[in-house]
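The values are calculated or read from the model by the stated rules, or taken from the named source; none is laboratory data. Here the structure is a predicted model, which means the values were calculated and not measured. In this analysis, Cβ positions are derived from the backbone assuming ideal geometry, glycine residues included, and neighbour counts consider all displayed protein chains. Surface accessibility is based on the protein's heavy atoms, side chains included, excluding ligands, DNA and RNA. Shrake-Rupley method; radii C 1.70, N 1.55, O 1.52, S 1.80 Å.
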Amino acid sequence: MLVGIYYYDRWYTAVTFVLTALFLGFHYFTNRSLSKVYRSYCVTLFFFFIVNGILTGSFIEAPVVWYNNDENLGIRLGTIPIEDVFYGFVLIASIIQLFEYFNKKSVSK
C-alpha cells in the first residue's frame, strides 16, 4: 500500500500496489484462505515469465509491448516491469475468488 501511495503519480505502480494491498487486506481481515490462490499463482508464474518476457522483448528483435517508465518504478525482472508480477497476482487471485464465490452460490440453490 505504501509503495502505491508514495508513487501516486505513476498510475501503473499506484493502481497495482494499492489493489494488491486491498486484496490481501480483505483476505486477512475476513480470515479467508489463499492457499489455492498461492498454489495457482506459482504454477502460472512459469508461463507468465515466458510469455511476458517474449512480449516485452526478451527473445525477439523488438518488443510487442512497451512500458512507459514514467508510469512504473523502472525496476525490471529481465525485460518485465516488477509491477507485472503483482498485477498478475491480483488478476489470477480475483478470478479464482470470483469463481469460488459464484460456484458456491450456484451450488447452494
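Scanning the stretch 17-47 for residues that are in contact with a helix residue (DSSP H, G or I) (Cβ under 7 Å, 6 or more places away or on another chain) and in a loop (DSSP other than H, G, I, E, B) turns up just one, Leu34. Across the stretch 62-87, which residue is most open to solvent (accessible area, probe 1.4 Å) among those that are in contact with a helix residue (DSSP H, G or I) (Cβ under 6 Å, 6 or more places away or on another chain), assigned to a loop (DSSP other than H, G, I, E, B) and in contact (Cβ under 8 Å) with a residue 40 or more places away in the chain? Filtering first and then ranking leaves Glu71. The selection criterion, being hydrophobic (A, V, I, L, M, F, W, C) and in a helix (DSSP H, G or I), holds for Ile50. The single condition among (1) among the hydrophobic types (A, V, I, L, M, F, W, C); (2) in contact with a Leu (Cβ under 9 Å, 6 or more places away or on another chain); (3) part of a loop (DSSP other than H, G, I, E, B) that Val90 does not satisfy is (3).
Just name the residue that is most open to solvent (accessible area, probe 1.4 Å) out of those in the stretch 1-16 that are in a loop (DSSP other than H, G, I, E, B) and not hydrophobic (A, V, I, L, M, F, W, C). Of everything passing the filter in the stretch 1-16, Tyr8 is most open to solvent (accessible area, probe 1.4 Å). Does any residue of the stretch 17-32 turn out to be aliphatic (A, V, I, L, M), closer than 16 Å to Met1 by Cα and surrounded by fewer than 15 Cβ atoms within 10 Å (Cβ to Cβ)? Taking every residue of the stretch 17-32 in turn, at least one turns out to be aliphatic (A, V, I, L, M), closer than 16 Å to Met1 by Cα and surrounded by fewer than 15 Cβ atoms within 10 Å (Cβ to Cβ). Write out, first by first residue and then by second, each pair whose Cβ atoms fall under 6 Å of each other, whose residues are 6+ apart or on separate chains, and whose first residue, in the stretch 44-61, is farther than 13 Å from Glu83 by Cα while the second is loosely packed, with under 15 Cβ neighbours inside 10 Å. Short answer, once both residue conditions are applied: Gly53/Gly78; Leu55/Val64; Leu55/Val65; Thr56/Pro63; Thr56/Val65; Gly57/Pro63; Ser58/Gly78. Scanning the stretch 6-18 for residues that are closer than 19 Å to Phe89 by Cα and in contact with a Phe, Trp or Tyr (Cβ under 8 Å, 6 or more places away or on another chain) yields Tyr12, Thr13, Ala14, Thr16, Phe17.
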